[in-house]
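The values are calculated or read from the model by the stated rules, or taken from the named source; none is laboratory data. Only a predicted model underlies this, so the values are computations on that prediction, with no experimental measurement involved. In this analysis, Cβ positions are derived from the backbone assuming ideal geometry, glycine residues included, and neighbour counts consider all displayed protein chains. Quick note on the areas: whole protein, heavy atoms, side chains included, nothing else; ligands and nucleic acids left out. Shrake-Rupley method; radii C 1.70, N 1.55, O 1.52, S 1.80 Å.
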Amino acid sequence: MDLATARDLSLIWLAFLGIILTLVPAAAFYFSIRGMNVGTKWLRKIGLPEAQKYTRLMADKTNEYTAKVTDPITEVETAVTQAKSTVSSVPTVLRRRRQRSDHAN
C-alpha cells in the first residue's frame, strides 16, 4: 500500500465518521423537534383549555369563599366605623345647637 492509497482510505474513513457523527445528533434533533410539535398541538387543543377551565374554577371558588369569610368582618367593621363617627360627631352637633340657641337669644 502506497501513500496515495493510504491517503484516499483515510479520507474515506474520515468522511464516513463525519457522516455518522453528524447523523446521530441530526436524528436526535429531528425527533425532539417532531415531539415538540406534537406536544404543542396537544397543548393547543387539549392541554391549555383544560388548564384554563380548572384555573377559572379555582379562581371562582377562591372568590366565593373569600366573600364568605370577609363579608361578615367587613359588615362589622363598617358598623363599628359608623358608630364611632356618630359618637364622635355628637359633641360637635350639640355645640353647634348651643351656639345657635345663644345667638338666637
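For this structure, a couple of remarks:
- The range 30-105: trypsin sites (Lys or Arg not before Pro) falling in loop per DSSP and having at most 16 other Cβ within 10 Å: none
- The chain: calculated mean residue ellipticity at 222 nm from DSSP helix runs of at least 4, using -39500 (n - 2.57): -34500 deg cm²/dmol
- Only protein atoms count toward the accessible area here, which uses a 1.4 Å probe; on the chain, the carbon and sulfur part of that area reaches 67 percent.
- Candidate lysines for bridging to residue 61, where Cα separation is under 22 Å - those fewer than 8 sequence places away on the same chain excluded: 53
- Bridging of residue 84 to lysines at a Cα separation below 28 Å is possible for 68, once same-chain residues fewer than 8 apart are set aside.
- Dipole check for the range 37-105: with +1 at the C-beta of Lys and Arg, -1 at the C-beta of Asp and Glu, and the Cα centre as origin, the magnitude is about 260 Debye.
- Residue-span extension gain [residue 44 to residue 32] - 0.36 nm each, minus C-alpha spacing: 2.5 nm
- Distance between the modelled labels on residue 103 and residue 1, one decimal in nanometres: 12.2 nm (7 Å Cα→Cβ projection).
- Solvent exposure of the chain, expressed per residue, is 92 Å² of accessible area, with all protein chains present and a 1.4 angstrom probe.
- The chain: most fluctuating residue of 55, 92, 70 per GNM, C-alpha cutoff 10 Å: 92
- For the chain, average projected area of the Cα convex hull in nm²: 18.2 nm²
- P(r) histogram, all alpha-carbon pairs of the range 1-59 included - 5 Å bins from 0, percent: 4, 15, 10, 10, 9, 8, 8, 6, 6, 5, 5, 4, 3, 3, 2, 1
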